[in-house]
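The values are calculated or read from the model by the stated rules, or taken from the named source; none is laboratory data. Since the structure is predicted, the reported quantities are computational estimates derived from the model, not experimental observations. Backbone-built Cβ (ideal geometry, glycine too); neighbour counts: all protein chains shown. Remember, those area values only see protein heavy atoms, side chains included, never the ligands or the DNA or RNA. Shrake-Rupley method; radii C 1.70, N 1.55, O 1.52, S 1.80 Å.
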Amino acid sequence: MNPVLLHLGTPARGERWQTLLPRLVPGLTVRLWPDMGDPATITHVAAWAPPDDLFATLPNLAMVFSVGAGVDQLRADALPDHVALVRTVEPGLIVEMADYATLAVLALHRDLPRYLAAQRTGQWAPQPVTAKGARRVTVLGLGAMGGAIATQIAALGFPVTGWSRRPRDLPGIDCRHGADALPNVLAISDILICALPLTPETRHILNAATFALLPRGAAVVNMGRGGHLDQVALLAALETGQVAAAMLDVTDPEPLPPDHPLWRHPRVVLTPHVAAETDIDGGARAVAAAILAHRAGSVPPGLVDRSAGY
Ligand code: NDP
Ligand code: OXD
């Protein structure tokens, strides 16, 4: 049976993949949703958040690709166990995530939210500058994204701690792991960056108790998922000054409702889930590499451990 990939997403990516993917995976056909033809011919699906009932209609499905690095938006529980769930990790995405984190750390380190608020009210109010070596940055999550973020921030001269589920070893990074290590990590986090996947264990990991453990006046960056952050707790921590400022690329829900207080908070910088975007050609190359690996009987790069949820 020749493989057929059903693409759900922008026409620009779908049409490009229709040309590119068959060159990379001989014999592969790409169909563009909703023109899928006979459902029994579909062996692969690539999508961000496909309709919940789609998978049940595809009896010969072998692989499902998230077109991004995260898979929390996809109903993995609707997939039979034999179907491989693969996320897309391509070099462009990693570079953009590390750059966004750099933007956020430098903005927070140099008090940009405060100066933007002062500008709006015409106040000339200089603050003392803290040396980079005295601003401790922590990255929650040391995977493809978090590892690159930690490395790039450390190269700027900030002392960086990283936190993961299992032990990791990254040159120049103080690597810690496991839930028991988290309180001590938070206590040394002047800028806390969340680059975790959203799983039952990490939902609302940025909560009131977390903020209370940070040094007073710490800053928070969320570039994982909106579900990592208890937004009410953040607003409360900003109110007391326990958290001085935040930069958020992701919210819950997305888009954030127009009347949500985070939109207008003077010490919050919001971006609309744009920290990184999968490059169309890079995504095709990642999908092709995974299909070929699967075909050869090896573990596809980006294979999701469905029991861990990422
Ligand atoms: P990876 O799977 O490569 O890495 C995940 C990291 O998180 C690993 O270090 C893992 O630990 C750690 N982790 C997972 N669960 C826990 C836990 N319970 N406790 C401690 N550490 C944990 O993912 P990526 O780095 O590729 O991506 C991370 C997330 O970034 C994505 O899931 C997505 O949500 C977000 N993202 C956001 C984008 C945006 O534009 N805002 C763009 C791209 C990604 P271990 O190393 O032990 O496995
Ligand atoms: C992703 C994202 O997971 O864009 O790739 O958030």
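Once Rh for the chain is found with the Kirkwood sum over Cα pairs, what is the Stokes-Einstein diffusion coefficient at 20 °C and 1.002 mPa s, in µm²/s?
Values: Rh = 20.8 Å.
Approximately 103 µm²/s, per Stokes-Einstein.
Grab the DSSP H runs of the chain that are 4 residues or longer, score each as -39,500 (n - 2.57), total them, divide by all residues and round the 222 nm result to the nearest 500 deg cm²/dmol. It would help to have the intermediate numbers written out before the result.
Working: 9 runs with 95 residues, N = 310.
Helix contribution divided over all residues of the chain: -9000 deg cm²/dmol.
Distance from the Cα centre of the stretch 134-200 to that of the stretch 232-278, in angstrom?
21
With a/c under 1.5 counting as rounded, go ahead and sort the stretch 187-266 into rounded, prolate or oblate using the C-alpha gyration tensor (a ≥ b ≥ c being the square roots of the eigenvalues; past the cut-off, prolate if a/b is larger than b/c, else oblate).
Working: a/c = 1.78, a/b = 1.12, b/c = 1.60.
Judged from the Cα gyration tensor, the stretch 187-266 comes out oblate (a/c at least 1.5, b/c at or above a/b).
Whole-Hz ³J(HN,Hα) for each residue in the stretch 171-188, computed from phi via Karplus 6.51 cos²θ - 1.76 cosθ + 1.60 with θ = phi - 60°, x for glycine and proline: what do you get?
So the J values, rounded to whole Hz, are x, x, 10, 7, 8, 10, 8, x, 4, 5, 7, 4, x, 5, 5, 4, 5, 10.
Contact order normalised by length for the chain, with contacts defined as Cα pairs under 8 Å and 6 or more residues apart; what percent is it?
Working: 591 pairs, mean separation 53.8, N = 310.
So the answer I get is 17 percent.
Check which residues have an amide H placed less than 5 Å from residue 84's amide H, if you skip close sequence neighbours.
63, 64
Which is the longest stretch in the chain that no exposed loop site breaks, taking sites as GluC sites (Glu not before Pro) with a DSSP loop state and at most 15 other Cβ atoms within 10 Å? Could the numbers behind the result be given before it?
On the way: sites that count: 201, 277.
Between the exposed loop sites, the longest stretch runs 1-200.
Under a 5 Å amide H to amide H cut-off, with H placed in plane at 1.01 Å, what residues pair with residue 162 once short-range neighbours are removed?
The answer is 139, 174, 175, 176.
Over the stretch 92-270, what percent of the accessible surface lies on carbon and sulfur atoms, probe 1.4 Å? Let's see the in-between values first.
Working: 4940 of 8380 Å².
Using a 1.4 Å probe with all protein chains present, the stretch 92-270 comes out at 59 percent carbon and sulfur.
Measuring with a 1.4 Å probe in the full set of protein chains, what accessible area per residue, in whole Å², belongs to the chain?
On the way: 14540 Å² over 310 residues.
On a per-residue basis, 47 Å².
In a Gaussian network model over the chain where Cα atoms closer than 10 Å are linked, find which of 156, 235, 103 has the largest mean-square fluctuation.
156
In what sequence, highest mean first, do 254-263, 135-144 appear when ranked by Cβ atoms within 10 angstrom?
Numbers: 254-263: 11.9, 135-144: 24.2.
Put in order of decreasing packing, that is 135-144, 254-263.
From the phi of every residue in the stretch 30-42, what ³J(HN,Hα) in whole Hz does the Karplus formula 6.51 cos²θ - 1.76 cosθ + 1.60 yield, where θ is phi - 60° and glycine or proline is x?
For the stretch 30-42, the Karplus curve yields 10, 10, 9, 3, x, 7, 9, x, 6, x, 5, 8, 7 Hz.
In degrees between 0 and 90, to the nearest 10, how far off the longest principal axis of the chain does helix 11-24 point, with axes built from Cα atoms?
On a 0 to 90 degree scale, this one is about 60.
Per-residue HN-Hα couplings for the stretch 137-144, Karplus 6.51 cos²θ - 1.76 cosθ + 1.60 at θ = phi - 60°, whole Hz, x for Gly and Pro?
So the Karplus estimates, Gly and Pro as x, are 10, 10, 10, 8, x, 10, x, 4 Hz.
Only loop residues by DSSP count here, and only those with at most 15 other Cβ atoms within 10 Å; note down the chymotrypsin sites (Phe, Trp or Tyr not before Pro) in the stretch 93-195 that meet that. If you can, show how the numbers build up before the last one.
Numbers: sites: 100, 115, 124, 163; in loops: 124.
Qualifying residues, ordered by number: 124.
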